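These notes are about the structure you will find just below.
The values are calculated or read from the model by the stated rules, or taken from the named source; none is laboratory data. Because the structure is predicted, anything quoted here is derived from the model rather than measured. Heads up, the Cβs are rebuilt from the backbone with ideal geometry, glycines too, and the neighbour counts pull from every protein chain shown.
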Amino acid sequence: MPASDYSFLKLPRSLEDLQVLRDHLEDYTSDYTLQVLVGYCVVYIFMQTFMIPGTVFMSLLAGALFGVFKGVALVVFTATAGASSCYFLSKLIGRPLVFSLWPDKLSFFQSQVAKRRERLLNYMLFLRVTPTLPNTFINVASPIVDVPYRIFFLATFIGLIPAAYVTVRAGIALGELRSIGDLYDFQAMATLFLIGVVSVTPTLMSKNKP
């Protein structure tokens, strides 16, 4: 890469930044696919691990550079890896941070997890699919409220697929987006909530059994 192109390599903070980054990375993606993939994965996982906002732009970029199927696989892999890194980092040093930043949300989350121990995977899937709680909070708070990692991993890996598909698909038509709000129209949100309701139904049914 010539030195003049390095000025465009920065974390996108707006759709305009993202379009400029896409325009400059398209040629490199075809000629240096492995290098771009490794760079993308490192940046995405780093952002997820340390709760740096802007991963939605990275998901859009995956669609613009790699297409729907490769883009979804890439986003789900990096998002799961980054969330797992955040989980273990929080397990080591995150308890004071969570208690100071989100005391009310933590109490709510802890009570819900305690109620749904027998169907915890369904509940965690519901949280991942729907915007009930922010994903960043789920990543940090899960080890604090004793969500086992295997359940956290499965819920993250499976639950992020619908939202990843919506975002990556939008990245293909990046030039038509005017704001991030255009990603989640009524149809997209209704679909995600429907998937979430289906995932949590076994939990609700088990509570109603005598």
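Would you call residue 84 at pLDDT 95 or above, small (Gly, Ala, Ser) and buried (at least 19 other Cβ atoms within 10 Å of the Cβ)? Working first, answer last.
On the way: at pLDDT 95 or above: yes; small (Gly, Ala, Ser): yes; buried (at least 19 other Cβ atoms within 10 Å of the Cβ): yes.
Against the criterion (at pLDDT 95 or above, small (Gly, Ala, Ser) and buried (at least 19 other Cβ atoms within 10 Å of the Cβ)), residue 84 qualifies.
On the given criteria, is residue 125 of a type in the set (A, V, I, L, M, F, W, C) and buried (at least 20 other Cβ atoms within 10 Å of the Cβ)? First the steps, then the outcome.
Numbers: of a type in the set (A, V, I, L, M, F, W, C): yes; buried (at least 20 other Cβ atoms within 10 Å of the Cβ): yes.
When the stated conditions are applied, residue 125 passes them.
I'm checking my understanding of the structure. Among residues of the stretch 19-73 that are among the aromatic types (Phe, Trp, Tyr) and without any contact (Cβ under 8 Å) to a residue 12 or more places away in the chain, which one is farthest from residue 94 (Cα to Cα)? Write out each step before concluding.
Start the filter on the stretch 19-73 by keeping residues that are among the aromatic types (Phe, Trp, Tyr), which leaves 28, 32, 40, 44, 46, 50, 57, 66, 69.
Okay, now just the ones that are also without any contact (Cβ under 8 Å) to a residue 12 or more places away in the chain, so 32, 69.
Values: 32: 38, 69: 34 Å.
Top of the filtered list is 32.
Starting from residues that are hydroxyl-bearing (Ser, Thr, Tyr) and closer than 16 Å to residue 155 by Cβ, keep the ones in the stretch 91-137 and report whichever is farthest from the chain's Cα centre (by Cα). Outline the logic, then answer.
If we filter the stretch 91-137 for residues that are hydroxyl-bearing (Ser, Thr, Tyr), which is where we start, we get 100, 107, 111, 123, 130, 132, 136.
Imposing the further condition that a residue be closer than 16 Å to residue 155 by Cβ reduces the set to 123, 130, 132, 136.
On the way: 123: 17, 130: 12, 132: 14, 136: 8 Å.
The selected residue is 123.
Could you check how many residues of the stretch 138-155 are assigned to a helix (DSSP H, G or I), among the hydrophobic types (A, V, I, L, M, F, W, C) and either at pLDDT 95 or above or over 13 Å from the mean Cα position of the chain (by Cα) (or both)? Don't jump to the end; show me each part of the working.
So in the stretch 138-155, the residues assigned to a helix (DSSP H, G or I) come out as 138-141, 149-155.
Subset that is among the hydrophobic types (A, V, I, L, M, F, W, C): 138, 140-141, 151-155.
Next, only the ones that are either at pLDDT 95 or above or over 13 Å from the mean Cα position of the chain (by Cα) (or both) stay: 138, 140-141, 151-154.
So the count comes out to 7.
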